[in-house]
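Step one of this worksheet: look at the structure below.
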Amino acid sequence: MRAGPSDRPAVAAIADAAAATPQAPPGTTPAPAITGMVPPERAAELTRDYQDKLALLWHAALQVRPGEKFPEVVPLPAEDRRFRGAAWREQPFHSLLLQSYLLYAGYLAELAAAATLPPEDRRRLQFMTRQYVDAMSPSNFPATNPDVIARALETQGESLASGAGNLLADLRRGRSSMGEHAAFEVGGNLAVTPGSVVFRNELVEVIQYRPTTPTVHERPLVIIPPCINKYYILDLQPSNSFVRHAVAAGFTTFVASWRNIPPALAHLRWDDYLEDGVFAAFDAARDITGSPSINALGFCVGGTLLACALAALAARGDASVASATFLTTMLDFADPGEIGVYVSEAFLAAREPALLAGQRLHGGELATAFSSLRANDLVWNYVVSNYLMGRTPPPFDLLHWNGDSANLPGPMFAYYLRELYIRNRLREPGALTMAGERIDLTRIGAPAYVLATRDDHIVPWRSAYRTTQLLGGDVTFALGASGHIAGVINPPQPRKRNYWVNERVPSDADA
């Protein structure tokens with residue numbers, strides 16, 4: 001049934017408001033730029049399909065009478081946290097706006113997927129298209145987010161004033177707040193497992209933790225954390241501290257704390273991180289405990305450094321590392337996941353001269369890149385909550401650590417990008433020389449435990465699984481739930497997660 005005269009004011013209001021929304025109108029940028037990369041027949045097919053669906057949506061809009069619920073012509077994402085509010089479904093204007101946005105977003109995604117580009121270039125196009133689509137969501141603008149409007153009315157505008165204050169505070173700090181900044185203090189309520197620095201050089205400090213059991217295992221545990229953040233990821237709070245757990249299990253535990261690289265150390269190389277970092281921590285643990293052997297654990301790039309160190313030791317005939325644990329670690333970089341959109345020959349060619357000359361990579365650069373991989377969760381979620389809703393983010397220890405990043409020296413980072421990410425030479429026996437030794441991962445004979453996490457956006461679990469085919473010793477693989485950090489920092493209590501194991505460790509990850 002067509003809308004009658006009495007319905008025209010409501011329909012006109014919807015049309016006028018939709019035309020004034022900050023999202024890109026259908027048919028404007030970036031669609032023309034993308035369609036130029038798509039075969040004409042396919043582009044025309046996708047455009048016709050989009051226009052037909054858009055016509056159906058507007059036809060449905062014209063049938064809605066005052067007080068009626070807007071029909072769901074475009075399926076609404078049930079698990080998308082941006083649109084959880086009932087108003088997105090119950091208010092005609094916002095429902096039309098949301099469905100128009102979802103329709104256009106799907107159209108752009110299909111165009112990008114159909115682009116006739118080399119696979120890596122098409123992947124970058126799809127990534128940038130998603131960044132554009134996520135940024136233009138109607139949930140990101142105060143005039144088109146019904147939850148923001150409702151909160152502003154409820155608080156008589158106080159939420160908007162608070163949001164402006166939050167924005168100014170973050171501008172002064174130089175980054176968005178993901179948690180209450182003042183809620184945590186390292187040594188106060190984070191990283192409180194008792195211990196002391198037992199070794200220090202210009203690159204690393206080694207922390208030994210105080211034993212809590214009457215006797216300890218003869219062989220100590222040495223932890224190599226990622227060097228792009230601070231050391232305390234495995235010792236956040238007593239309830240979720242792996243360090244505390246290890247000490248309580250009778251292990252003499254050491255952790256390498258990487259230096260936040262100052263300008264004076266911007267010349268350091270990958271080999272320096274092995275010699276003065278990993279090997280120095282190993283030596284300190286053996287010297288202090290008197291044990292001829294150790295157990296070692298590496299997290300993320302700390303695991304990559306650990307594997308390189310173990311391969312160098314194997315080339316020297318040194319079997320002093322009795323076991324190795326790799327947490328969300330990549331050794332085969334054939335599929336680095338979406339972080340690969342930032343890693344290319346062109347990018348490195350532009351940055352490498354400055355990096356090799358001693359320019360540092362600032363930790364904030366990597367933090368921003370990692371956040372963009374999950375922009376809705378790690379960027380726009382906080383834009384809406386902090387600035388539009390005027391809320392203060394709750395304290396969250398993982399996110400506090402995530403924002404406590406560290407600088408890396410340019411030569412070290414350039415080597416890491418070129419030889420591991422771009423050329424993927426670590427997996428090739430003898431292709432690289434580190435610490436004076438030819439690196440061959442198959443010579444690592446110590447038993448290894450490899451943990452990957454299903455939703456990891458930094459180290460895809462299938463890429464982490466390839467480690468099982470690279471090492472020479474017995475390998476146990478476990479696939480945990482959740483992501484790169486939350487899937488690892490997951491104490492036995494409370495029972496929040498699950499995991500999968502397969503003792504056979506087939507060559508194919510999906511099998």
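The values are calculated or read from the model by the stated rules, or taken from the named source; none is laboratory data. None of these values were measured; they are calculated from a predicted model. Note that we place each Cβ from the backbone using ideal geometry, even for glycine, and neighbour counts take in every protein chain shown. Accessible surface is based on the protein model in full, side chains and every heavy atom, while ligands, DNA and RNA are left aside. Shrake-Rupley method; radii C 1.70, N 1.55, O 1.52, S 1.80 Å.
Please list 389, 136 in order of solvent-accessible area, largest first, computed with a 1.4 Å probe with all protein chains present.
I get 136, 389, largest accessible area first.
Taking a quarter of the surface of the Cα convex hull of the chain gives a mean projected area of 27.7 nm².
State the extension gain, in nm to one decimal, for the chain segment bounded by residue 287 and residue 143, taking 0.36 nm per residue of separation less the distance between their alpha-carbons.
On the way: separation 144, 0.36 × 144 = 51.84 nm, distance 6.42 nm.
Length gained, residue 287 through residue 143: 45.4 nm.
Listed values for region 114-126 are Karplus-derived 3J(HN,Hα) couplings in whole Hz (6.51 cos²θ - 1.76 cosθ + 1.60, θ = phi - 60°), namely 8, 5, 8, 10, x, x, 5, 5, 5, 4, 5, 4, 5, and x replaces Gly and Pro. Rolling a 1.4 Å probe across all protein chains gives residue 439 an accessible area of roughly 0 Å².
Please find the FRET efficiency linking residue 508 to residue 433, where r is the Cβ-Cβ separation and R0 is fixed at 35 Å, and quote it to the nearest 0.05. Walk me through the numbers on the way to the answer.
Working: r = 31 Å, r/R0 = 0.90.
After rounding to 0.05, the efficiency reads 0.65.
When 181, 400 are compared by accessible area of protein heavy atoms, the largest-first order is 181, 400, using a 1.4 Å probe. Multiplying the residue separation of residue 319 and residue 41 by 0.36 nm and subtracting their alpha-carbon distance yields 93.9 nm.
Can you give me the % of accessible surface on the chain that is carbon or sulfur? Probe 1.4 Å, all protein chains present, nothing else counted.
Details: 12760 of 23400 Å².
The nonpolar share, carbon plus sulfur, comes to 55 percent.
For 434, 128, what's the largest-to-smallest order of accessible area, 1.4 Å probe?
Values: 434 0, 128 110 Å².
Per-residue accessible area, sorted high to low, gives 128, 434.
Electrostatic tally near residue 363: other residues with Cβ closer than 15 Å to its Cβ, Lys and Arg +1, Asp and Glu -1, net +3. Dividing the summed -39500 (n - 2.57) terms of all DSSP H runs of n ≥ 4 by the residue count of the chain sets its mean residue ellipticity at 222 nm at -11000 deg cm²/dmol. Rolling a 1.4 Å probe over the protein heavy atoms leaves residue 41 with an accessible area of roughly 130 Å². Each listed q (0.13 Å⁻¹) maps to a log10 I(q)/I(0) for region 296-336 from the Debye sum over equal C-alpha point scatterers, namely -0.27.
Only protein heavy atoms count here; on that basis, with a 1.4 Å probe, residue 501 has an accessible area of about 100 Å². Legend: translational diffusion of region 319-474 by Stokes-Einstein, Rh = Kirkwood radius over C-alpha pairs, 4 °C, 1.567 mPa s; D = 73 µm²/s. Here is the P(r) of region 191-291: all C-alpha pair distances, binned every 5 Å from 0, give 2, 14, 24, 24, 17, 11, 6, 2, 0 in whole percents.
Label-to-label distance, residue 48 versus residue 217, with points set 7 angstrom from Cα along the beta-carbon direction: 6.6 nm. Each other residue within a Cβ distance under 14 Å of residue 307 adds +1 if Lys or Arg and -1 if Asp or Glu, for a net charge of -1.
Average accessible surface for the chain: 46 Å² per residue, computed with a 1.4 Å probe over protein heavy atoms with every protein chain in place.
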